[in-house]
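Comments concern the structure below.
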Amino acid sequence: MAYRANPFLERMSERTTSDQEFVQLFAPKILEKLHEDCFEGAVHIFHSPPGGGKTTILRAFTPSALRAFWHARHVQAETYRQLVDRGVIDDHLGPQVLSVLLSCAAGYADLPPGASAVNEGLFRALLDCRVVLRTLRSITDLIGGPAQTILQSLQLEYDASLVDLNSIPAEKSAIEMLKWAEGRERLIYSQLDDMAPAPGAKLPVDVRFESLLWLQAVRFVYEGKAVAPKRLLMIDDIQRLRKSQRALLIDEIVTLRPTIPVWMAGRSIAFAGDFLSQGVREGRDVREYSLEELWGGGRGSQFVVFAENILDRRFKLQQAVPGTSFKQYLAENLTPGELEGAYSEACKRFGESTKSLRSNIRYSEWIRAAELEPDILDLDALVDLYTTRILIERDRASRQLSLELTPLSAGELEERDSSSTSGAAEIFLNFELKVPYYFGIERVCAMATNNVEELLSLAAALYDGMKAKQILRRQADPHLLPREQEKRLREVATRRLEFIPRSHSEGANAQRLLESIGIFCKERTFLMNAPYAPGVTGVRLSATEITKIQRLSKAPGSVLSLLKKVMAECTAENLLVARDSNASTSRESGTVFYLNRTLCAHFGLPLQYGGWQDVSAHTLVEWMDRGLQPSRALGLEVFR
């Protein structure tokens with residue numbers, strides 16, 4: 001298979017990738033996450049930030065891809081078996097689902113704006129003829145063979161439910177139906193392109209989306225046999241439609257009560273349920289699936305298994321670095337030399353920070369235990385040293401009523417320790433001693449923020465490092481040490497932030513806002529008593545602040561309107577991750593906006609979720625407009 005120098009630069013959903021290559025790269029774990037009800041008659045909406053895998057899922061069900069899976073059933077057995085179990089492919093007859101994929105990426109924005117009956121009818125007419133066109137082309141892919149020959153033999157049969165179609169003719173010949181659809185599309189565009197339409201010229205105006213009714217009921221007969229008994233309509237890139245077009249599409253298709261599954265895919269949008277139109281009840285009329293939520297989060301998340309499958313499939317396609325597993329070349333442990341140097345410096349810092357406490361009996365046992373030589377010098381020994389330092393400072397900062405002269409026991413030290421405190425200790429080691437933190441397959445997957453495209457970008461940088469050690473430096477061992485991994489991963493993170501002004505409509509404002517959030521989080525993370533362990537990686541807007549943004553952003557020229565646009569764009573582009581925050585006895589509900597995990601690496605922040613701080617809309621406007629300067633020389637200080 002011919003590939004560019006780096007197989008991780010290929011994108012599976014790109015049409016330049018052949019179906020055979022697509023099948024080899026496709027990771028079947030995503031199919032396990034698809035709910036069984038995805039194949040029921042209803043509207044199913046898939047959304048994620050760009051690169052989340054929406055288009056890849058849709059492409060996997062196209063007729064040409066299904067045929068490729070069927071032909072490769074002996075070598076892609078896991079994917080093939082899942083498709084068979086769902087009734088998509090038959091062991092003997094091949095693909096059984098006629099999947100029709102339509103993209104909203106081009107054409108619909110050319111239609112006149114507005115919600116008039118004429119404009120809405122024109123939108124329906126264009127979509128209807130394109131569904132018919134794509135259906136006829138898809139069935140030739142499903143049958144397999146010369147398209148023109150298949151169409152000449154393909155006949156269409158209609159049942160009683162289709163007699164009241166007004167916009168789509170009941171042609172029995174596939175060739176005639178194809179001519180109608182092509183002619184109608186040309187008519188629509190010729191009328192739109194005319195500066196002065198001919199007198200009496202009328203644009204096609206449909207009163208409902210009849211193509212759905214046509215697709216779910218028409219019978220296709222090829223060489224005397226009925227083919228493609230099951231149907232699936234897939235509409236991609238619905239974020240490219242105007243808001244009114246998207247609402248019309250969802251509302252009316254839901255109203256038609258489809259008997260076949262209708263999949264719609266688009267990017268996540270912040271602040272509003274744009275994909276769920278007014279009056280539609282999620283769970284009954286329309287079913288929504290957030291791809292990033294399917295994977296969960298944190299260490300050991302299901303995304304890690306999925307990600308490793310993707311990386312290994314691509315790694316097997318290259319020949320520059322031997323082996324079949326990507327992660328085998330990502331060293332998971334620090335070298336003895338790094339550990340010795342870091343431990344020596346950590347002991348020195350510990351001694352300096354506890355110098356004034358040597359005569360304090362309260363901390364005598366903790367200090368003595370921390371200064372014992374560890375049996376095994378590893379990263380855990382360093383973490384334990386910093387954990388003790390954090391807990392001492394935390395006790396000093398919070399102790400007000402206790403005047404006890406008895407020492408704190410080693411057992412109490414263990415009781416006060418926690419995974420979040422250990423997490424803070426590890427990121428402190430990275431900040432203060434430059435001990436590598438961003439390395440290993442799990443942290444690479446965490447940095448990807450449950451996004452396939454970001455995963456591949458990170459992997460591409462690491463693969464370049466492996467290849468350089470194997471070929472350019474002529475080293476027999478292409479393993480990347482933790483420090484080498486971290487250097488390359490943080491370079492990717494920096495490029496991610498630097499590219500924002502060139503890739504967003506409000507790029508400069510978005511970049512200033514994100515940099516300010518990063519500085520703000522960093523100042524609250526690196527406090528020696530770690531009050532927000534393991535660290536702060538997001539900001540929260542309360543429900544009151546969000547309501548204020550929604551209400552005041554409607555005023556002409558409002559700065560909150562710009563803030564809303566910037567934050568919505570950042571969320572849609574996976575630069576911010578929005579998560580609901582429930583109400584408690586001390587605070588109202590709200591929404592937390594976490595930094596993208598790759599950006600966390602740029603700012604030197606931990607990769608766990610959970611740590612956030614409340615901010616106001618006014619504060620975010622100031623950050624977006626002027627940025628945020630660090631309020632102090634950043635170092636490990638104590639928060640009291």
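The values are calculated or read from the model by the stated rules, or taken from the named source; none is laboratory data. In this text the structure is predicted, and so the values were computed from the model without any measurement. Note: ideal-geometry Cβ built from the backbone for every residue, glycine included; neighbour counts use all protein chains shown.
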Qualifying residue in region 448-468 (condition: crowded, with 21+ Cβ neighbours inside 10 Å, of a type in the set (Val, Ile, Thr) and in contact with a Gly (Cβ under 7 Å, 6 or more places away or on another chain)): yes
Contacts under 6 angstrom Cβ, first residue in region 34-51 being in contact (Cβ under 8 Å) with a residue 60 or more places away in the chain and closer than 14 Å to Ser290 by Cβ, partner aliphatic (A, V, I, L, M) and outside any loop (DSSP other than H, G, I, E, B), 6 or more apart: Ile45/Met264; Phe46/Ala265; Ser48/Leu291
Selection count where residues are free of Cβ contacts under 8 Å to residues at least 60 places away in the same chain, closer than 18 Å to Ala228 by Cα and touching a Ser or Thr at 6+ places or on another chain (Cβ under 9 Å), scope region 66-87: 2
Per-region count, region 61-85, residues at pLDDT 90 or above and part of a loop (DSSP other than H, G, I, E, B): 4
Residue match in region 512-535 (condition: under 20 Å from the mean Cα position of the chain (by Cα), assigned to a helix (DSSP H, G or I), in the same structural domain as Leu628 (by TED's automatic domain parsing) and free of Cβ contacts under 8 Å to residues at least 24 places away in the same chain): no
Some residue of region 36-46 being in a helix (DSSP H, G or I), under 28 Å from Leu456 (Cβ atoms) and either out of contact with any Gly (no Cβ under 8 Å at 6 or more places or on another chain) or modelled with pLDDT of 90 or more (or both): yes
One residue from Gln20, Gln82 being surrounded by fewer than 21 Cβ atoms within 10 Å (Cβ to Cβ) and not assigned by TED's automatic domain parsing to the domain that holds Lys230: Gln20
Residue within region 337-347 that is in a loop (DSSP other than H, G, I, E, B) and at pLDDT 60 or above present: no
Where a residue in region 335-358 is more than 14 Å from Asp380 (Cα to Cα) and its partner, wherever it lies, is of a type in the set (S, T, N, Q) and assigned to a helix (DSSP H, G or I), with Cβ under 8 Å and at least six apart: Phe350/Thr388
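Let's see how each residue does on (1) among the hydrophobic types (A, V, I, L, M, F, W, C); (2) crowded, with 17+ Cβ neighbours inside 10 Å; (3) in contact with a strand residue (DSSP E or B) (Cβ under 9 Å, 6 or more places away or on another chain):
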| site | (1), (2), (3) |
| --- | --- |
| Lys348 | no, no, no |
| Glu352 | no, no, no |
| Ser359 | no, no, no |
| Arg362 | no, yes, no |
| Arg368 | no, no, no |
| Leu379 | yes, yes, no |
| Gly411 | no, no, no |
Leading residue by the ranking (modelled with the lowest pLDDT) among those in region 315-327 that are within 25 Å of the chain's Cα centre (by Cα) and not basic (Lys, Arg): Leu317
Residue identified as more than 19 Å from Arg137 (Cβ to Cβ), modelled with pLDDT under 70 and in contact with a Pro (Cβ under 9 Å, 6 or more places away or on another chain) among Leu213, Leu192, Leu187: Leu192
Long-range neighbours under 8 Å by Cβ, at least six apart or interchain, first residue more than 27 Å from Arg67 (Cβ to Cβ) and assigned by TED's automatic domain parsing to the domain that holds Ser244 within region 97-115, second small (Gly, Ala, Ser) and modelled with pLDDT of 90 or more: none
Matching helices (runs of 4 or more DSSP H) fully within region 553-640 where at least 2 residues are surrounded by 16 or more Cβ atoms within 10 Å (Cβ to Cβ), modelled with pLDDT of 95 or more and assigned by TED's automatic domain parsing to the domain that holds Val536: 597-603, 617-626
Residues (closer than 18 Å to Tyr386 by Cβ, touching a residue at least 24 places away in the same chain (Cβ under 8 Å) and either in contact with a Cys (Cβ under 8 Å, 6 or more places away or on another chain) or among the acidic types (Asp, Glu) (or both)) located in region 400-459: Asp417, Glu426, Glu432
Single residue of Glu14, Glu32 found to be acidic (Asp, Glu), modelled with pLDDT under 85 and in a loop (DSSP other than H, G, I, E, B): Glu14
Long-range neighbours under 6 Å by Cβ, at least six apart or interchain, first residue hydrophobic (A, V, I, L, M, F, W, C) within region 550-564, second at pLDDT below 85: Leu560/Ser553
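Residues are listed down the side, and each one gets a yes or a no for (1) of a type in the set (Lys, Arg); (2) farther than 17 Å from Arg240 by Cα:
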site	(1), (2)
Cys38	no, yes
Leu58	no, no
Ala68	no, yes
Ala72	no, yes
Arg81	yes, yes
Ala106	no, no
Some residue of region 142-159 being at negative phi, at pLDDT below 90 and not in a strand (DSSP E or B): yes
Output for region 160-174, where each listed residue is part of a helix (DSSP H, G or I), among the aliphatic types (A, V, I, L, M) and in contact (Cβ under 8 Å) with a residue 24 or more places away in the chain: Leu162, Ala174
Scope region 416-464; condition outside any helix (DSSP H, G or I) and at pLDDT 95 or above; matching residues: Lys434, Val435, Pro436, Tyr437, Tyr438, Phe439, Gly440
